[in-house]
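Enquirer: Here it is, the structure, as structure tokens.
The values are calculated or read from the model by the stated rules, or taken from the named source; none is laboratory data. Just so we're clear, the structure is a prediction, and the values are computed from it rather than from any experiment. Ideal geometry is used to build each Cβ from the backbone, glycine not excepted, and the neighbour counts take in all protein chains shown. Areas reflect the complete protein model, heavy atoms only, side chains present, ligands, DNA and RNA absent. Shrake-Rupley method; radii C 1.70, N 1.55, O 1.52, S 1.80 Å.
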Amino acid sequence: ERIFINCCYSPRIYFLVFYVPVLVTEMISWSTSISIIHSPQLTPSLFSVKRRVSSLNKRIILFSSDTASFPGNENKDESEQQTAPNFSLHGNNGLPEYSMASVNLSQKWFHLVKDGQVSATTTIQEGDDNDDDDDVLVRYGVRLDEKQDGDKDNGTIIRYLDFVEYENSNETHARVERIRSALQQHQHQQQTSKDEPNSSDGIKQFHDGMFAAQLQLVRTLRPPPSEGFSGAVAAAADNDEDEKVSCIPPDYNDETDSFVTGPLKLTNRPLIDTVNLEHMHTPWDIYHNVSPADSRGHFLLLPTLSQKSNWRNQMLTDKDCHDLLHLSSTVSPPGSLLLCYNSFHAGASQNHVHVHAWPCPPLALLDQNHVVVGGEEEEEEEEERDGWFCYPVSKLGSMFDFFDLFDGGVEVSFLDYPVMCIELSSSSSLSATVNKYSLLSKALSVLLQTIGDIPHNICVLNRPSSTDDNGDDTNTNDDEDDDDVDVYVFIRSKEKSPNVVPQHKLGASEMMGVFHCRNEEELQELAADAALDSEKEEEEEEETSPMARALRDVSYEPRWDMWEQIKESLLGLDDDDDDDKKPDVYERTTI
């Protein structure tokens, strides 16, 4: 007995007996699901971006084809566990898997849709959309569609379907009929297609170079903007090149805040969860969006409503930036959720501080082997894309300038992109004792302080820790899940392009390279331009792409002057080596 005990407690014997068989089994299992991401093709620029792509050259990503294991499932009702589908980016049902702060949002979304929670009612006004019909009340949202398929391993195909239906079956409205007809036609085409079905059948899409556009009609029925977030003054400012547009929103009024009062207040919806991480300044609530931009999931993240001090206008503080980056670092799998913020005059529609989150890659970039240009469907080579490396801005192969902060802990890049974009990236080269997300949020706060009241969008993606050119992990932290975070800050001059679909408000998604069209006419306008562009010389393609033109129209200029101001402010962080002397709060100023 003593000999047996000594053998078991010997580290080498213990490792050989218990760990080696497990490792061998896992290696055999993983060998069938390994995909290697190739480095992007670099484009000419003033500077090489080797530091941005070297970590992607030989990164190995592991995917499991098994049913996902969700944190906290052991506490769920048995019936709920039995109805949960197989969530996986490459799963049989095509439903994406994503979680944040150990909250499995993909499963939460599935049950919200299954229970009919992702829906809302709205009144289509008389004469709306140039129609003479009477007012009608409609319900719109996302529903679950399940059908049997013998070709599938589990025999079931699950789709999230957009829908619009009348509350009174005796009523009709021309605008509603057009939306319903378009949805039925598109969903029928998807269901009868021989190709692998999408998990959502409510959009039409096409691609123009690296940009994408999609038409999601149900999204056009979402609630109206907050008071002061639209109107003749904003429209005039967008079309006046000399008019200065500010990101400072109107004064906050809780009596008109649709998040805390009225029929659409958030507390009328199920609270998905409240997240309170160790390094966060305040807990953050997670609610679902009743008018999702992506029917596979769309969430609203905001400082908890249980503290009335968080009832404030749509403007990020330095503490909000700090919490936002820590939240993003917990997204799993890395890059499976995009977190984005729209300032006033940059796509925001509600005057209450909030951030959006939806699955990544988006549908328009997930299935790029079907491309519609000028009304004709063309086939392109299908390539695998990961969330942190799927958007046009994240795939850029060139930049204008760059520098590092905090001994390489934060990388700052001035990207070569149609709209002015500054990328802030954390680095895994720091010591494990250094909170790299706090350093990153400090840089973001100083950047926002520098741009002052200029409209902007902020998009955040996490990604696996960096590897060197040999594919070896260069992360010195002990935590294997300690991912890096990329922050894209888009600096704007206005909300709408006066030349390309001028009625369309451009938000964070458009800045990242995916346009959400409001109607068929906008989609056809972009498609017609794209077909014309494809006939032009390749070297002129960037200048003629309609979506690139739209982004260029709303970009801040002169961008180089702004870059020099940002560079000077951020480099000032490195001038003072004593962190105790640095302010903890950076107040927003006007320039």
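Enquirer: Between Trp560 and Ala174, what FRET efficiency comes out of the Förster formula 1/(1 + (r/R0)^6) with R0 = 56 Å and r the beta carbon distance, rounded to 0.05? Can you show the working numbers first?
Expert: Details: r = 50 Å, r/R0 = 0.88.
Once rounded, the FRET efficiency stands at 0.70.
Enquirer: Could you report the stretch 481-523's accessible area per residue, 1.4 Å probe, as an integer in Å²? Working shown, then result.
Expert: Numbers: 1090 Å² over 43 residues.
Result: 25 Å² of accessible area for each residue.
Enquirer: Could I ask something else about it? Starting from the amide H of Val410, placed 1.01 Å from N in the peptide plane, find each other amide H under 5 Å away whose residue is 5 or more places distant or on another chain.
Expert: Those lying under 5 Å, H to H, from Val410 are Leu405.
Enquirer: Tell me, what is the per residue accessible area of the stretch 295-362 in Å², probe radius 1.4 Å?
Expert: 19
Enquirer: Given a 1.4 Å probe and every protein chain left where it sits, what share in percent of the accessible area of the stretch 261-376 is carbon and sulfur?
Expert: 50
Enquirer: Working with all protein chains in place, sort Asp407, Asp115, Asp254 by solvent-accessible area computed with a 1.4 Å probe, largest first. Numbers along the way, then the final one.
Expert: Numbers: Asp407 150, Asp115 110, Asp254 55 Å².
Ranked from most to least accessible, the order is Asp407, Asp115, Asp254.
Enquirer: Report the calculated FRET efficiency for Lys319 and Arg518 (r = Cβ-Cβ distance, R0 = 41 Å), to the nearest 0.05.
Expert: Values: r = 35 Å, r/R0 = 0.85.
Once rounded, the FRET efficiency stands at 0.75.
Enquirer: Can you tally the net charge around Asn310? Count Lys and Arg as +1, Asp and Glu as -1, for every other residue whose Cβ sits under 12 Å from the Cβ of Asn310. Please list the in-between numbers first.
Expert: Numbers: positive: Lys308, Arg312, Lys319; negative: Asp254, Asp257, Asp285, Asp320, Asp323.
Around Asn310, the surrounding residues sum to -2.
Enquirer: Right, another one. Under 5 Å between amide hydrogens, which residues at least 5 positions from Ile454 or on another chain qualify, with H placed 1.01 Å from N in the peptide plane?
Expert: It is Cys247, by chain and number.
Enquirer: Right, here's the next one. Which value, in Å² and to the nearest 10, is the accessible area of Thr172 when all protein chains are kept and the probe is 1.4 Å?
Expert: Thr172 exposes around 90 Å² with every protein chain in place.
Enquirer: Rg and Dmax of the stretch 278-369 over Cα atoms: what are they, in angstrom?
Expert: Considering the stretch 278-369 through its Cα atoms, Rg and Dmax are 13.8, 48 Å.
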